[in-house]
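To start, the structure itself, in structure tokens.
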Amino acid sequence: GAVVSQHPSWVICKSGTSVKIECRSLDFQATTMFWYRQFPKQSLMLMATSNEGSKATYEQGVEKDKFLINHASLTLSTLTVTSAHPEDSSFYICSARDWLAGDYNEQFFGPGTRLTVL
Amino acid sequence: ILNVEQSPQSLHVQEGDSTNFTCSFPSSNFYALHWYRWETAKSPEALFVMTLNGDEKKKGRISATLNTKEGYSYLYIKGSQPEDSATYLCAFNDYKLSFGAGTTVTVRA
């Protein structure tokens, strides 16, 4: 149980275009989903927290107009990188919290998306 | 941004040998510490949630200890096998997860 999928697994796009990444909880309902970003040899950095049906909460330094997050259902959150530039090239990974889970903010992760902006 | 450090960054282990590595984290306001195992092209897999009142955690040949007073946790792998090759992440939980950069373990047959 507790499977999270992410699509696409990799994407290459031209500078100036927008890219949408999907995160789905396959066998549980996720009231909260998280988006992380990882640069090479660095740690996963939380970008934003999204709660189903409400606006996402962005971490300091993350541009909300650049990284649009939608969490319209209990099983799907999307991250759209708008007007992508080469510096947005990174590894993006989502996680989801099971609404029925116990304490300690246990999160289940997707496999990630490698974004390359040319 | 919380400072969570893992060391070493990578290590190579001979099959059958045991190994351990460290995660250090802020020693104040401890809530929980998570360990994940992350194989290439797969999702990070939860190994342990270390809590304030918890004892040593064990899952097969992998175990973890916690010292909240001094702010560190050890992950041990006993009798390493090639399938243990992965990156092991720790994450300090203060209602958000702050990750270390990971320790990449390569087990040589």
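The values are calculated or read from the model by the stated rules, or taken from the named source; none is laboratory data. Bear in mind that the values here come from a model prediction, so they are computed numbers and not experimental data. Backbone-built Cβ (ideal geometry, glycine too); neighbour counts: all protein chains shown.
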Give me a count of the residues in region A:41-54 that are at pLDDT 90 or above, in a loop (DSSP other than H, G, I, E, B) and more than 20 Å from A:P8 (Cβ to Cβ). 2
Taking region A:32-54 and keeping only residues that are in contact with a His (Cβ under 9 Å, 6 or more places away or on another chain) and either away from every other protein chain (no Cβ under 14 Å) or in contact (Cβ under 8 Å) with a residue 60 or more places away in the chain (or both), one is left with A:T32, A:M33, A:E52, A:G53, A:S54
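Residues are listed down the side, and each one gets a yes or a no for (1) more than 10 Å from chain B (Cβ to nearest Cβ); (2) part of a loop (DSSP other than H, G, I, E, B); (3) within 16 Å of A:P8 (Cα to Cα); (4) hydroxyl-bearing (S, T, Y):
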| residue | (1), (2), (3), (4) |
| --- | --- |
| A:E63 | yes, yes, no, no |
| A:N70 | yes, no, no, no |
| A:S83 | yes, yes, no, yes |
| A:E87 | yes, no, no, no |
| A:Y92 | yes, no, yes, yes |
| A:R97 | yes, no, no, no |
| A:L100 | yes, yes, no, no |
| A:Y104 | no, yes, no, yes |
| A:L115 | yes, no, yes, no |
Before we move on, is A:D88 acidic (D, E), modelled with pLDDT of 95 or more and crowded, with 16+ Cβ neighbours inside 10 Å? yes
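Could you identify the single residue in A:T32, A:T17, A:T57, A:T116 that is of a type in the set (S, T, N, Q) and touching a Lys or Arg at 6+ places or on another chain (Cβ under 7 Å)?
Of A:T32, A:T17, A:T57, A:T116, the one residue that is of a type in the set (S, T, N, Q) and touching a Lys or Arg at 6+ places or on another chain (Cβ under 7 Å) is A:T32.
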